[in-house]
Structure formats: C-alpha cells, structure tokens
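In what follows, a structure is listed as structure tokens, so that the remarks can point back to it.
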C-alpha cells in the first residue's frame, strides 16, 4: 500500500504541475570545482524552530529520507528546464530528497559523458548521512542523453556502486540507430519498422559536437558553429525545434557558412517544411557514428553490459528525439538476470513532457504509467 500511496502522490503532483515541496540552491564540493545543485525537500521537512532557516531545518529533518540524483540532458536550461522542475517536485512529494546537479558542459551543449560520474559521486557524498546512522538509499535518474549515463556510472570502478538503482527516461543505447532516426525518422525493433517525423534538435547537437571529428568534414567548423548557435537558440527560446519560427535563424546562419558547405548545413537544418534526403543522410550518419565511437562513453552499449544494480526504463511512444525502441535496446543490452523493467507510454513526449488532458482521458495508459512509477519509487 505504501508504494501505491507514493505513486499516487507523484501522479497528483505531476498532474497539477505543483507539489508541496521546497526548493533550495546549494553549492557542494565537486571533484574539480564547486558544483551547483538544486535540492527539493518535502515541505513537511521545513524547519519550524525559532531562528532556524527553513532550508536548514528541511535538510536536517530530511536526513532520514531516501534520495534521488537527477541528471538533466543536453539542454541550455539544465536543472531549470520546466519539465525537469515539474518532475523533481513530483518526485520529492513522495517523501524523498531530490538533488539535480548542474553540469556546465551539458548546458553548453557539449556531448561530455565523462562529466557524469564525478557529478554523481559529489551528490552521493552530499547526500550521505552523518554519524552512525545508516546511510540513506539513493537512486539516480537520467533524462535523454543522461539516461544511459545514469546507468553506466553505476559500473564497478566509477565510485558510484552505492547507488540503489538507476532510471533512464527517454535514453538511447545505439547511437548510430538513434542518429539515423534523427535524420530520417526510421527505427525498428523485432522486425517491425516504424517511421515518424524526428525532432531536428538531436542532429543539430551531434553535428555541432562531432562533425569536425569526421575525416570528410574536418574543415566544416563553420557548419558546426552554426548548428551550435541554432541549438542554443532553440534551447533559449523553448519552442519546439521543428517550429517554423526558426526558419529566419536558419537562413541567417546559412549565410555565415562557406558556399561550398551550405548543402551540408541544409542536410542538418533544412527549412521546417522539408526533410533531409535519406540517401544523403545515411553517409553522414555513418561518419558521425564512427567519430562518436572514438569518444569514450558516447556509445553506451559496452557499458550497459557492466551494470549491476536494478534498472527502470521509461520512454514515450511518440518521442521525436530518441525513439522508444532505444529503451528496448537498453533492456536487451543489460546483463542476463538484471532486475530491469521497461515501460513505453503514450502519456508523454520526450523526457516526460506531458501531453496535457490526454493524461486524464486515457485511463489504461494512466494506470500502466502509475504501475511503472511505483516500480521506480520502489528502488529507494
């Protein structure tokens, strides 16, 4: 019954878009530099003693509660992303302390998986209880790019072995397949093919980071810079990346690219009413995937086989950035016998963004998602 009550509190807080929690910003000791974190406490933990700040009282009272470390994705808002704030509040409302570290490289739109484990280790130290009291149970949640990183950081040797469980929401396993989807909308699982219209943001990010690391496009730094500016503009503006509102920005950035490379820019960022040709996209996908394979941790599959803690996987069926079939691949890549459960839901878009009133209308989907949430909360 306790698990059902906690899942219900999460669902109610999520649906309302507000939760009975308190949020504070702290600086904790990082391994190379101080680390900014947003911490969410259940409001019931707020201090009431005279002269004791509410945040200090909340931290003291919350020392007995389980903890969650939540990783944001490659996004300009970082911990302040509206969907992430909503999720963190709903998670804290279940009776947990939620800590979201700000990873500056990810906010700068850098594909830097090596930043994951140091941030998680710092948060684990900060969440550790003092004295002789038993240490609290702590889980980690990763969204989008942070999904497979949340799982991989639990590997032996990363210093995060004390994690009680890991959750990936909207994550990927196979970067080449994910890239192919981001250009063409094509993906498959178990012999069944799917196709949809992809969110171009993903290919902008990958192009900005990896294009100049390919042999063929090593001199295309102007294209990479323009793609980075375009992705940053989308992150700051907040409108969906496929929206026609970005077409004027694309035209301006295209003029800053050498004429001989404008066709390459168009492959990544055509006008909103056009799609990249499949045959031209395929070559770029292969080149980018080869470049990614030379970067440790970007290809998640080898590291997923080393995960030794319970895993929960959630994915939106209509995800336009990373297809739901990638979470199925994560599950398939985990060691045999892993306590792993996956759930594909029609209630949300990428990384837990709600589809509005549809959440309330589709009773079957809501019940299924509630059961998945119960399994997540049970990790800690």
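Surrounded by fewer than 16 Cβ atoms within 10 Å (Cβ to Cβ), out of contact with any strand residue (DSSP E or B) (no Cβ under 8 Å at 6 or more places or on another chain), touching a residue at least 12 places away in the same chain (Cβ under 8 Å) and part of a helix (DSSP H, G or I): is that true of residue 286 in this structure? So that I can check it myself, show each step before the final result.
Numbers: surrounded by fewer than 16 Cβ atoms within 10 Å (Cβ to Cβ): yes; out of contact with any strand residue (DSSP E or B) (no Cβ under 8 Å at 6 or more places or on another chain): yes; touching a residue at least 12 places away in the same chain (Cβ under 8 Å): yes; part of a helix (DSSP H, G or I): yes.
Criteria met by residue 286.
Identify all residues within segment 208-223 that are crowded, with 20+ Cβ neighbours inside 10 Å and outside any loop (DSSP other than H, G, I, E, B); write none if there are none. So that I can check it myself, show each step before the final result.
Just the residues of segment 208-223 that are crowded, with 20+ Cβ neighbours inside 10 Å, to begin with: 208-211, 217, 220, 223.
Listed by number, the residues that qualify are 208, 209, 210, 211, 223.
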Filtering segment 88-118 down to residues that are touching a strand residue (DSSP E or B) at 6+ places or on another chain (Cβ under 8 Å), closer than 16 Å to residue 145 by Cβ and crowded, with 24+ Cβ neighbours inside 10 Å yields 100, 101, 103, 116
Filter result (surrounded by 18 or more Cβ atoms within 10 Å (Cβ to Cβ) and either on the phi < 0 side of the Ramachandran plot or at pLDDT below 95 (or both)) within segment 185-207:
187, 198, 199, 200, 201, 202, 203, 204, 205, 206, 207
List the helices (runs of 4 or more DSSP H) that sit entirely inside segment 100-176 and contain at least 2 residues that are touching a residue at least 40 places away in the same chain (Cβ under 8 Å) and in the same structural domain as residue 310 (by TED's automatic domain parsing).
116-127, 146-152
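The values are calculated or read from the model by the stated rules, or taken from the named source; none is laboratory data. Quantities reported herein were computed from a predicted structural model and do not represent experimental measurements. Every residue, glycine among them, receives a Cβ derived from its backbone with ideal geometry; neighbour counts consider all protein chains shown.
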